[in-house]
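One structure below.
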Amino acid sequence: MCGHIHSSTYFHSKGGEKYMEEKEFLTPSSTSATSKMERKIEVMPQITDLPQSYGDTKIVLLPRDPWWCFAYWEIGEQTLQQIRNLYGDNVQYLIRVYDVTNVEDFNGHNANRYFDIYINLEAKKLVYKSSRSKSQLVCRFRNKSVRW
């Protein structure tokens, strides 16, 4: 059977979700035939944007290669409010990175060395170059005088 394919796309909502529906019709080339073949494709619901924040307080440090690291963070609103209540609005935030290579049971005071990276909280991420390759690193949020 020879024929022509005609395609139409329709957008509609079902239960608050948006769907795209595509219909293809195969119409016979003969004008005497009255049958149509229809194929209905339903596409997955539209994905909404990810939230800007999950309300957690955490920092994640990932090695990119032996020399470079990537860090990203989130500070929950409740934690930020506690910091403002204790230290005011003019707090300098930083990430303290500890070199804990060959350190057993790191307790925050027994690192081989550490360095501080001042951060802008709104940036929520940074990439930095380590001065030593193949180090084991741990990081914590701090303000200039206190860790939290």
* Output yes when any residue across segment 130-148 is of a type in the set (A, V, I, L, M), part of a loop (DSSP other than H, G, I, E, B) and within 20 Å of residue 55 (Cβ to Cβ), and no when none is. => no
* Structure fact -> Checking 117, 95 in turn, the sole residue that is of a type outside the set (Phe, Trp, Tyr), surrounded by 11 or more Cβ atoms within 10 Å (Cβ to Cβ), touching a Cys at 6+ places or on another chain (Cβ under 8 Å) and within 15 Å of residue 137 (Cβ to Cβ) turns out to be 95
* Asked: Out of all the residues in segment 48-61, is one or more touching a residue at least 60 places away in the same chain (Cβ under 8 Å) and basic (Lys, Arg)?
  -> no
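Values in this text are rule-based calculations from the coordinates and carry no lab data. Given the structure is predicted, the values throughout are model-derived calculations rather than measurements. Reconstructed Cβ throughout: ideal geometry from the backbone, glycine too, with neighbour counts over all protein chains shown.
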